[in-house]
Every structure is written in structure tokens, then in C-alpha cells.
Amino acid sequence: MAGKLVTACLPDVAASQAPMEALRSLVSLASADDPDKNSNSPEANARKAVRLTAQQPLLVAAYHAARSGRELPPPAEGLGLAANFLLQMRGTPPAEHEAEVLDTCLVLHADHTMNASTFAARVCAATLSDMHSAVVAAIGTLKGPLHGGANEQVMRTLTEIRSTEPGDPVGAVEREVMQRLAAGEKIMGFGHRVYKTEDPRATHLRAMSGGNWRGSPATTPSTACPGGWRRSSWRKRACCPTSTSTPPPSITTWGSRPTFSPASSRSAGWQAGRPT
């Protein structure tokens, strides 16, 4: 399903590229074997959109398997996109509630309004370029630290703070936030040009990260840290949390990078907005 060129290049991509760089490369490589690659008709674009939406979770899982030195498990008939993604990422079938949590994460991160990656995709498509090029443009934009890449910045910072004070990670986070704000630094995951109150996606993502999903694997001691991150930023600067302040624990628990997985769900919105 991924194509001959993806299969041939995957080992080198996995060895040399970071996750979002890899997804950008693999989506581009997948275009070589698409049966509709030479057509920009509405019918061909609809077929390409379906294939791209189905392929991206597979590309993420294939990259993860290659980096881990193991074979990619085949998908299971009867499982949805989220459940099959977890199966191929981990090698074992997910529990029903695990698939439900990830499915909700993917829905919440599906494309919405005219954000930066959507704009990039539409600019590319408006030149009558092909569907794969538009999605590659969007992935490259989502990778940036001022867009989807903020997820990884949040997770990296929280991980660093936890490692320095494992006995009191929540207190360490609050102290770090206060120090950074006092120094005039930005706090990734807070403040949004559109949402002037809490990002509505963050409300649901926080509930999942906090363990309100019937024993989800996202319930770990580390999930307390985003709460301290959020409370401290709100008290000091009244900055409302965005979705990037919360999802990493929900997603990284399953072995995926926090920008990597939402990119797969956003693809449906990127393609749906393409002019025909």
C-alpha cells in the first residue's frame, strides 16, 4: 500500500531523518506509485485523498518499526484507523478504550479553519499543483515550532524539567514557568491568535491526559506536569492553554511523537479544502 519507492527508501529515511522530516519525505515518495499521479481531475483527487488519508498512519508506523528494528505488523480487518495504527505501532492489539482515546485525539486534531498548514496546502493547490505536493507543503508547515511543532517543544521542556527534579515534577514545572515568564520568555502551548479563551480541543485532551478515560495508558505520573504548566501560566500571565499544551502525554504514551500523529489526522482537512 505504501508503494515500491517508499519501501525501498524507508531504511535510509528512518536512519537519517527526524519524524516530521520523514513523514514529509515518505508522503512525497508515495506519490510516485499513486495510480492517479498524472491526473488532477476532481475524481482522481478524491481517490488520492482517500489513499493519502489511509496511508499516513501506515507511513508513521512503518517509520517507527524501521527505527525500532522490527517488522511492521499487518493491519487487522475489522479495526478502524486508530485501532490499526496502535496495532502497527506497538505490535499488539489495543484495548477498546485505547483506540477510543486515540480516535478522539485524531478527530480533535483534524484540520480546522485557516491555520498555517491549511493555508500552505491551499496556496500550493491553488497553483493547480498535485494533491501530494499540497500535503507535503502542509506537513512542512506543521513541522514548525510556531505551529504543530509546539507540541514537541512542550513535551521536550516537560521531560527536561521532570528529569532534573523527579521527586517533585509539578513543583519544578511551576517554578520553571515563573522563572521563564519573569525573564520575558514565551511559554509554548499558551496563547492563541484565534482562541481568546481556552482552546476547546484542550478541554477534551486534558480530560484524557488526566486519566478520565477508564484506565487509559495516558494515566501516568507524568500527566500531572501539564497541569502545573497550565496553572502557572494562567496565574502569571492569564494565557489560555491551546491544544499543544496538553496532547503530548496522550500520544507519546503509545510511542509516537506529538506532532507526528496529529499530522495524519489533519491530512483529511488539508485535502478536503483543495480546490477542484
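Each value in this text was obtained by applying a stated rule to the coordinates, not by laboratory testing. Treat the numbers as computed from the prediction; the structure is a model and nothing was measured. All Cβ positions, glycine included, derive from the backbone under ideal geometry; neighbour counts span all protein chains shown.
By a straight-distance test (C-alpha under 16 Å), which aspartates and glutamates pair with K186 as possible cross-link partners, with residues fewer than eight away in the same chain excluded?
The qualifying aspartates and glutamates are E152, E174, E176.
Using a 10 Å cut-off on Cβ atoms, rank the peptides 16-23, 50-57 from the highest mean neighbour count down.
50-57, 16-23
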